[in-house]
């Protein structure tokens with residue numbers, strides 16, 4: 001059996017992106033509308049190739065043939081009866097695509113549909129409404145809240161928070177952060193919840209010493225504390241107090257994520 005790792009849709013973009021050791025067309029290629037479009041086309045071509053190849057191999061699962069450095073921002077959008085939230089969420093991405101910013105959306109936007117579950121207290125789309133896999137009506141899986149999972153990726157490979165790499169934020173960094181923050185605020189306005197394993201909480205701060213203009217940070221505590229419902233956060237605080245009374249595994253991020261409302 002073949003065990004594979006990586007992300008197939010990102011494989012082909014390496015040719016356009018270039019490597020640090022052997023740069024080909026480099027990052028500047030992606031800073032034009034045509035270059036970003038070519039990146040998206042290359043990514044889709046990579047996915048199609050991976051699907052074709054994996055169809056004839058004995059895999060443990062489909063996906064993951066190759067990988068490249070990438071950044072992601074992902075939100076769960078609650079689906080209302082008229083799907084207005086979905087429209088607004090997608091229009092937020094379209095606005096960024098249409099803007100004349102230095103950063104361009106350079107990979108296909110990924111959409112998934114997910115039902116809420118009562119199985120994980122730390123899930124952003126937790127529901128306290130249990131469902132019965134044997135039920136035919138009333139409390140079936142289809143009766144659970146429906147969410148759109150929207151994922152925007154980029155192969156920029158650069159930190160939004162310059163402290164992560166100890167390098168100054170360039171104008172491209174800031175354009176990148178500004179665009180993602182714009183999408184994020186639109187998603188939050190329709191009740192969106194952050195996937196906290198990816199970038200979120202993008203906020204502009206006053207410039208740091210030696211920098212021009214605003215300074216962008218991520219994982220802002222004011223957004224972290226609103227991802228999970230208070231009842232679940234209280235359960236987690238109690239469980240942590242029980243299993244880790246000395247706070248050996250305590251971290252600032254967990255404190256911010258579980259902060260009381």
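The values are calculated or read from the model by the stated rules, or taken from the named source; none is laboratory data. These numbers come from a predicted model, not from an experiment. Every residue, glycine as well, gets a Cβ built from its backbone with ideal geometry; the counts of neighbours run over all protein chains shown.
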Note on residue 77: of the conditions (1) touching a strand residue (DSSP E or B) at 6+ places or on another chain (Cβ under 6 Å); (2) part of a strand (DSSP E or B); (3) under 27 Å from residue 42 (Cβ atoms), unmet is (3)
Does at least one position in the range 165-180 carry a residue that is in contact with a helix residue (DSSP H, G or I) (Cβ under 6 Å, 6 or more places away or on another chain), at pLDDT 85 or above, surrounded by 13 or more Cβ atoms within 10 Å (Cβ to Cβ) and part of a strand (DSSP E or B)?
no
Of 113, 121, 187, the only residue that is in contact with a helix residue (DSSP H, G or I) (Cβ under 6 Å, 6 or more places away or on another chain), modelled with pLDDT of 90 or more and surrounded by fewer than 19 Cβ atoms within 10 Å (Cβ to Cβ) is 121
Exception for residue 129 within (1) within 26 Å of residue 236 (Cα to Cα); (2) out of contact with any strand residue (DSSP E or B) (no Cβ under 8 Å at 6 or more places or on another chain); (3) at pLDDT 85 or above falls at (3)
For the range 202-261, the count of residues that are touching a helix residue (DSSP H, G or I) at 6+ places or on another chain (Cβ under 6 Å) and assigned to a loop (DSSP other than H, G, I, E, B) equals 3
